[in-house]
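Coordinate-derived values only; no laboratory data. All values derive from a computational prediction rather than experimental measurement. So basically every Cβ, Gly included, is an ideal-geometry build from the backbone, and we count neighbours across all protein chains shown.
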Amino acid sequence: MNTHMKIRIEYSKKKTSLLCVFVLENSTTVSGLGKFDAKTSSIIDQAVKDMEGKLGRLSIIPFSGKNSIQRILLAGLGKKEEITKDTIRAVSGKIAQKARELKLKEFSIIVPPSFVEEPVSSVSQIVEGVKMGLYKFDNFKSEKSERSPDLTIIVSKSDKISKAIKNAEIIADSTIFTKSVANLPPNECTPTTLANLAKTISKNSGLKCKVISEPELKKKGFGGISAVGQGSKNQPKLIVLEHNNGSKNEKPIVLVGKAVTFDTGGISLKPGDRMDEMKFDKCGGCTVLGIMKGVSELKLPINVVGIIPSVENMPGGESYRPGDIIKLYSGKTAEIQNTDAEGRLILADALSYGEKTYSPKAIIDFATLTGACIIALGTNVAGIVSNNKKLAEKIYLASSRTMEEIWELPLNKDYMDMIKSEVADMKNVGIGRSAGTITAAAFLRNAIKDTPWVHLDIAGVAWTQAGTKEKSYNPNGATGFGVRLVLDYLQNL
Ligand code: BES
Ligand code: MN
Ligand code: ZN
């Protein structure tokens, strides 16, 4: 999929096939379009009135062939008091899709006046919305979609604006990268594929990459990863990416992401209905891949480590079973009650390894961990569970800026007690289905000591599913949830 487009800045537009301007609801005129003759101006004013600036509404005014501006596109932003940090991003995605539909080679967007949004924020949202809106997963289609049109942003030039554009391009590209890997079908994306991708990223950047395979995994004590991975001929991998760009003795931030390239449930086999969606069970790991790519391209002056445990959860003669007792990297034992609760097993190993190896400042993990999270919060809000108020607060702040919504669930001792086992230190399911998202998080909590930690359960938000709110910049498939959020958090450290 070609989302490479040129992005330029110009102070005013002399020649373009599509000049786009944002319109607030019920405004009678728009600013920034420049001078037109009286007749044209009255046509534009009439069109502005007619489209009413309703959120997401697009209205095209075509001009005659000899005009240097071939069309004007009015794009509704809705009511001024209802503008969010997402409005310009979402509307820009729609504009870009319209430009592609018209098969244009280029189009131009006028940055809205600063009483709508700060110019820097507007420009970032325009770039993100346009780039993400034009991404399409067409790797396996014989007929590819149109080439992405180039974009000119109409704004007065400054270092701040140029920097914002560069920054937003990297953030959008990292998110698109995450989506494009997460969308891969399970026959084309195994743990080995992910490991090779990580190696490729590291070759093209300053990242250090290490991959641990079998029999090393088993020998080193990664009992969770080994057990879940043993049922598949596609062997498990532990992928580690390091970005060392802070001072030498500065503790890193560790990011951990679940990458189950396909989750059949194993011996506790899932029902067939919509099982195909379990190709998205690798989304947490893909999020970490995208963040690491972004961190290195942004050259953030910090140390960050990405850890991705990757397995395929399959039933078979070699599979782990309900009743098995395994030993995790932490040294704690776990009784398997359901082989479909595999994510917490591989994550626990990765979390313990991350804490022990790097003594990090903070750990953030991402996982499509529980169906229960969809029951609790639906498909537009991710669940978070944390052991540290301050860290959770910072993640909330980032979330409010990137509009990737989160909601915290509690984790106290009573929940920890729910995963106690009769025969081992813990069991991999709680008590029935009650508080399923929290008991899964409780299992993860046992993998670390007291490092500040936030767990994001992205089961409902990592890909578009029934109930997902439509957003132009999240076309059907993986959403890359968390990439923008964590890059924002890391940039604001
Ligand atoms: N990957 C699934 C969670 C999931 C299910 C995400 C549906 C998105 C949509 C996870 O591995 C799983 O199967 N969890 C079980 C846990 C249960 C067996 C305790 C679940 O949620 O049913
Ligand atoms: Mn499962
Ligand atoms: Zn799973």
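Counted over all Cα-Cα pairs of the range 86-141, pairs farther apart than 15 Å make up 49 percent.
With contacts taken as Cα pairs under 8 Å and at least 6 residues apart, the chain reaches a relative contact order of 15 percent. Count Lys and Arg as plus one, Asp and Glu as minus one, and take only other residues whose Cβ is under 13 Å from that of Thr152; the net charge is then +4. Close lysine pairs were tallied over the range 1-60: pairs 8 or more places apart or on different chains with Cα atoms under 23 Å apart number 10. Taking the dipole about the Cα centre of the chain, with the C-beta of Lys and Arg at +1 and of Asp and Glu at -1, give me whichever of Met292, Gly231, Ser399 is farthest to the positive side. It is Met292. For the range 244-374, the Stokes-Einstein estimate of translational diffusion at 37 °C and a viscosity of 0.692 mPa s comes to 207 µm²/s, using the Kirkwood hydrodynamic radius over alpha-carbon pairs.
According to the Kirkwood relation over distinct C-alpha pairs, the hydrodynamic radius of the range 352-410 is 12.9 Å. In this Cβ point-charge picture (+1 for Lys and Arg, -1 for Asp and Glu), the range 201-290 has a dipole of about 360 debye about its Cα centre. Based on alpha carbons, the Rg and Dmax found for the range 6-131 are 13.5, 39 Å.
Overall, the range 7-155 carries a charge dipole of about 540 debye about its Cα centre when +1 sits on the Cβ of Lys and Arg and -1 on the Cβ of Asp and Glu, all other atoms neutral. Across the range 7-155, the relative contact order, built from alpha-carbon pairs under 8 Å that are at least six residues apart, equals 31 percent. Taking a sphere under 9 Å around the Cβ of Val228 and counting the other residues whose Cβ falls inside, with K and R at +1 and D and E at -1, yields a net charge of -2.
Would you tally the net charge around Asn380, using a Cβ to Cβ cut-off of less than 12 Å, leaving Asn380 out, and scoring K and R as +1, D and E as -1?
-2
Compactness ratio for the range 314-355: Cα radius of gyration over 2.2 N^0.38 Å (N = residue count) comes to 1.19.
The mean of 1/r over all distinct Cα pairs in the chain, once inverted, gives the Kirkwood hydrodynamic radius of 23.6 Å. A simple spin-label model places the labels of Glu101 and Ile60 0.8 nm from each other, with each point 7 Å out along Cα-to-Cβ.
At the listed q of 0.22 Å⁻¹, the Debye profile of the range 79-199, built from one uniform point per Cα, gives log10 I(q)/I(0) equal to -1.25.
Using a Förster distance of 22 angstrom, determine the FRET efficiency expected from the C-beta separation of Asp450 and Asn338, and round it to 0.05. Using R0 = 22 Å, I get an efficiency of 0.15. Bridging of Lys390 to lysines at a Cα separation below 19 Å is possible for Lys251, Lys361, Lys449, once same-chain residues fewer than 8 apart are set aside. Once the Cβ-Cβ distance of Glu146 and Lys390 is raised to the sixth power relative to R0 = 56 Å, the FRET efficiency obtained is 0.75. Computed from the Cβ-Cβ distance with R0 of 56 Å, the FRET efficiency linking Asn244 to Asp45 stands at 0.45.
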